[in-house]
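Written below as structure tokens is the structure these notes are about.
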Amino acid sequence: MDRPLAVVTGASNGIGYELAKQFAQHGFDLVVTATGSSLEAAAQDFRQLGASVETIEADLANYDGVESLYAKIKSTGRPVEAIAINAGVGVGGEFARETSLEDELNLINLNVVSTVHLAKRVVKDMVEQGKGRILFSSSIASIMPGPFEAVYAASKAFTHSFAEAIRNELSDTGVTVTSLMPGPTDTNFFHRAGMDDTKAGSGKKDDPAEVAKQGFEALMQGKDAIVAGSLMNKLQAGAMKLVPDTISSAMHRQLAEPGSADKSAKETKE
């Protein structure tokens, strides 16, 4: 009970799994959530690092899923010292003719609605206790229009803007907010989003463990945002702030357009 408590959503794989490991390695106990049977196996890994771990399988795209997670957090009777609001999903493809409305509304519910919902519950508690750290998983996609990931990129733009705004509001409360902005990372994101045949999906990606490490360190240092991963991500993020949206959207198209992986491979051979 002397250990601080951290909450991580989307903790069964990818960046969320590695963030939970970071917390466990640095002396935190955990409440972790995800969907699917792999959550308990992930929790065992965190316990082997010395953490006491509470798990809850919850679909945060649903209102009741967020409420069940918050009830689990409150049931510990412990203050939340840190939370990584990380759960998210992508949808790739042309908006008008390829993607599913159901999938995109689910994306909005998970990436946007649940982010606000969970933050609303937890931030109030942190303000009352006079301390806390919040990490929102955004993306470098948040700073550019995202053709063929139109709804996903917009959702991450929302997340980053939301994080920056409430950080300012909370500046005198003892609660810090950090936006984690990774580039393409070696997780199952692109496969789940149906983007295996894109240049971004088939290309070189960053190690999720390194992304999580950088995100955790930024959170502990109270930074407002961190472009995580490779130096190329940082250079790209800097460049995107300097060019018009018409140019940055054209650049994103080259990475996310269906079939761009084959086109890229063909150009490399030539």
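Residues that are free of Cβ contacts under 8 Å to residues at least 60 places away in the same chain and open to solvent by 50 Å² or more (accessible area, probe 1.4 Å) within region 117-145 comprise K120, R121, K124, V127, E128, Q129, K131, listed in sequence order. Here is the figure for region 76-91: residues that are in a loop (DSSP other than H, G, I, E, B) and either at pLDDT below 95 or buried (at least 21 other Cβ atoms within 10 Å of the Cβ) (or both) total 5.
Quick one: is L39 at pLDDT 95 or above, under 17 Å from D186 (Cβ atoms) and touching a strand residue (DSSP E or B) at 6+ places or on another chain (Cβ under 6 Å)?
Numbers: at pLDDT 95 or above: yes; under 17 Å from D186 (Cβ atoms): no; touching a strand residue (DSSP E or B) at 6+ places or on another chain (Cβ under 6 Å): yes.
When the stated conditions are applied, L39 does not pass them.
Checked against (1) open to solvent by less than 20 Å² (accessible area, probe 1.4 Å); (2) within 18 Å of L107 (Cα to Cα), A51 passes all but condition (2). When region 54-90 is filtered for residues that are of a type in the set (S, T, Y) and closer than 26 Å to D2 by Cα, the ones remaining, listed by number, are T55, S68, Y70, S75, T76.
May I ask you to list the residues in region 152-165 that are surrounded by fewer than 21 Cβ atoms within 10 Å (Cβ to Cβ) and out of contact with any strand residue (DSSP E or B) (no Cβ under 8 Å at 6 or more places or on another chain)? Across region 152-165, the qualifying residues are A154, A157, F158, S161, A165. Filtered by the rule that a residue be within 9 Å of T55 (Cα to Cα) and in contact with a helix residue (DSSP H, G or I) (Cβ under 9 Å, 6 or more places away or on another chain), region 23-44 gives L30, V31, V32, T33, A34, A43.
Check region 94-104 and report whether any residue there is within 26 Å of V151 (Cα to Cα), open to solvent by less than 20 Å² (accessible area, probe 1.4 Å), under 15 Å from the mean Cα position of the chain (by Cα) and touching a residue at least 40 places away in the same chain (Cβ under 8 Å). No, that holds for no residue. For region 7-40, residues that are over 23 Å from A228 (Cα atoms) and open to solvent by 60 Å² or more (accessible area, probe 1.4 Å) total 3.
Of all residues in region 236-270, those satisfying the criterion of being aliphatic (A, V, I, L, M) and either modelled with pLDDT of 90 or more or over 23 Å from the mean Cα position of the chain (by Cα) (or both) are L242, V243, I247, A250, M251, L255, A256, A261, A265.
The values are calculated or read from the model by the stated rules, or taken from the named source; none is laboratory data. Please read these numbers as outputs of a predicted model, since none were measured by experiment. In this analysis, Cβ positions are derived from the backbone assuming ideal geometry, glycine residues included, and neighbour counts consider all displayed protein chains. The area values use the complete protein model at the heavy-atom level, side chains included, leaving out ligands, DNA and RNA. Shrake-Rupley method; radii C 1.70, N 1.55, O 1.52, S 1.80 Å.
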